[in-house]
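Reviewing the structure listed below.
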């Protein structure tokens, strides 16, 4: 099947000589509709996340239970995530997204009904979290790769960054509103708002001009497509090791709900308002990180790995924060570094992948990024319950920092670089420089691409 009329080309509103600015993707009508529909839904999603985490904490009094909820929500991605990528490469992504958004809305309305009638228990939350995870297996790779269909390859990095800014901007509003709402009228209203919010992106998808989309060629049904995707990534060390790093950061570094609940309760002896405030502060930094990434026309792999190292180091520093003020000041910095890493890793992996493989590659990216939560979430929750919130946070930060350093050394070796240490005045103390040609080795048969 041949690609659509505009496949592979930049939108008509952006010429080849136009400079990509922070909001260049807004020139594309379909993207504008998609962006503003998702903005409404994202606010509802963050309201539900905060209300759900706090509901589980109220029902059980356990940080580990919050970790189990997160684990169940992301377990389907770990188990079935690659199949979602195969489906995204095969079918019409717009129609697929209409179905997944409707299903996610129904889960929010169900949780609202259970909470309003005062029959909700933690097992209801667990089941609904697992159902959300099942839908997300299909929704996530379709939504991620649909960005390229809307804006074309030239604006892909810009659009991915704006989508992240959209999601994190909602994190500024959603947690704050949810915190006030939980204290004033109860969490059921947050669940109801989330369920209804999915009407907006569905309307946006229905309003799109399909003739202006830039779809990649659909992959016909066939045997071995999952293996083909894994083989493709395995032959691309630049993709493979970036995905490995994403897996470590996602598993051990992105457990914010657990840490913030634990610090709010154990360290600061506070309530849902403080929990919502800390989430909003982190979101503020994330928005800045996403917008800064949107301005970058390109990025280097070493920049992405460096962002992972900075993010990990900030987690370690936050674990030792002596009081609430210092901890709160660190939240925007953690958000900025974490979002910079996430956006640059996502866009680099998409741009570097063959369009016919993009769904499977991005599903592997999402599988390790969010699918590691069933491993990291309960472990971090248990550490926080048994040894305190500070131990849980510093443990995750140290694992992530070790992974960033390890992947940096591997990618440097693949790229023919070595670390140079110079103590001379006026020179950089640490720098990556080319190794002598005879030192450079690579795995036999590997498709090596330069690591910038």
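Kindly check whether there is at least one residue in the stretch 152-167 that is in contact (Cβ under 8 Å) with a residue 60 or more places away in the chain, under 26 Å from residue 292 (Cα atoms) and outside any helix (DSSP H, G or I). Spell out how you get there, then give the answer.
Looking only at the stretch 152-167, we keep the residues that are in contact (Cβ under 8 Å) with a residue 60 or more places away in the chain, and these are 152-167.
Among the residues that remain, those that are also under 26 Å from residue 292 (Cα atoms) are: 152-167.
In the following step, the residues that additionally are outside any helix (DSSP H, G or I) were identified as 152.
Yes, the stretch 152-167 contains a residue that is in contact (Cβ under 8 Å) with a residue 60 or more places away in the chain, under 26 Å from residue 292 (Cα atoms) and outside any helix (DSSP H, G or I).
Could you grab me the full set of residues in the stretch 1-30 that are at pLDDT 85 or above and crowded, with 22+ Cβ neighbours inside 10 Å?
Within the stretch 1-30, 28, 30 meet the criteria.
Of the residues 130, 146, 198, which is within 22 Å of the chain's Cα centre (by Cα) and within 22 Å of residue 344 (Cβ to Cβ)?
Checking each option against the conditions leaves just 146.
May I ask you to say which residue of 381, 359, 377 is crowded, with 22+ Cβ neighbours inside 10 Å and closer than 16 Å to residue 133 by Cα? Quick ask: steps written out before the conclusion?
Working: 381 fails: closer than 16 Å to residue 133 by Cα; 359 fails: closer than 16 Å to residue 133 by Cα.
Result: 377 is the single residue among 381, 359, 377 that is crowded, with 22+ Cβ neighbours inside 10 Å and closer than 16 Å to residue 133 by Cα.
For every residue, the table says whether it meets (1) within 17 Å of the chain's Cα centre (by Cα); (2) crowded, with 24+ Cβ neighbours inside 10 Å; (3) assigned to a helix (DSSP H, G or I).
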| position | (1), (2), (3) |
| --- | --- |
| 32 | no, no, yes |
| 39 | yes, no, yes |
| 46 | yes, yes, yes |
| 59 | no, no, yes |
| 66 | no, yes, yes |
| 70 | yes, yes, yes |
| 73 | yes, yes, yes |
| 81 | yes, yes, yes |
| 86 | no, no, yes |
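Within the stretch 335-361, how many residues turn out to be closer than 16 Å to residue 167 by Cβ and in contact with a helix residue (DSSP H, G or I) (Cβ under 6 Å, 6 or more places away or on another chain)?
Matching residues across the stretch 335-361 total 11.
Hey, can you tell me all the residues within the stretch 109-126 that are surrounded by fewer than 20 Cβ atoms within 10 Å (Cβ to Cβ), touching a residue at least 24 places away in the same chain (Cβ under 8 Å) and in a loop (DSSP other than H, G, I, E, B)?
121
Being out of contact with any helix residue (DSSP H, G or I) (no Cβ under 9 Å at 6 or more places or on another chain) and modelled with pLDDT of 90 or more is the requirement here; does residue 316 meet it?
For residue 316, the condition - out of contact with any helix residue (DSSP H, G or I) (no Cβ under 9 Å at 6 or more places or on another chain) and modelled with pLDDT of 90 or more - is not met.
In the stretch 330-348, which residues are surrounded by fewer than 23 Cβ atoms within 10 Å (Cβ to Cβ) and at pLDDT below 85?
Within the stretch 330-348, just 348 meets the criteria.
Please tell me if residue 310 is under 20 Å from the mean Cα position of the chain (by Cα), at pLDDT below 90 and part of a helix (DSSP H, G or I).
Numbers: under 20 Å from the mean Cα position of the chain (by Cα): yes; at pLDDT below 90: no; part of a helix (DSSP H, G or I): yes.
Criteria not met by residue 310.
Is it the case that the stretch 192-215 has a residue that's closer than 17 Å to residue 46 by Cα, surrounded by fewer than 18 Cβ atoms within 10 Å (Cβ to Cβ) and at pLDDT 80 or above?
yes
Considering every residue within the stretch 89-109, establish whether at least one is at pLDDT below 85 and within 21 Å of the chain's Cα centre (by Cα). Break it down into steps so the answer makes sense when it comes.
First, the residues of the stretch 89-109 that are at pLDDT below 85: 89-92.
From what is left, the residues that are within 21 Å of the chain's Cα centre (by Cα) are 89.
Yes, the conditions are met somewhere in the stretch 89-109.
If you check residue 129 against the conditions, is it in a helix (DSSP H, G or I) and over 30 Å from residue 337 (Cα atoms)?
On the way: in a helix (DSSP H, G or I): yes; over 30 Å from residue 337 (Cα atoms): no.
It is false that residue 129 is in a helix (DSSP H, G or I) and over 30 Å from residue 337 (Cα atoms).
Inside the stretch 88-108, can you point out the residues that are over 12 Å from residue 131 (Cα atoms), crowded, with 18+ Cβ neighbours inside 10 Å and touching a residue at least 60 places away in the same chain (Cβ under 8 Å)?
88, 89, 93, 94, 97, 101
Is at least one residue of the stretch 135-142 crowded, with 18+ Cβ neighbours inside 10 Å and over 20 Å from residue 37 (Cα atoms)?
Checked against the condition, which is being crowded, with 18+ Cβ neighbours inside 10 Å and over 20 Å from residue 37 (Cα atoms), the stretch 135-142 yields at least one hit.
Of all helices (runs of 4 or more DSSP H) completely enclosed by the stretch 315-416, which ones contain at least 3 residues that are within 16 Å of the chain's Cα centre (by Cα)?
Counting at least 3 such residues, we get 324-352, 358-371, 373-387.
The values are calculated or read from the model by the stated rules, or taken from the named source; none is laboratory data. In this text the structure is predicted, and so the values were computed from the model without any measurement. Every residue, glycine as well, gets a Cβ built from its backbone with ideal geometry; the counts of neighbours run over all protein chains shown.
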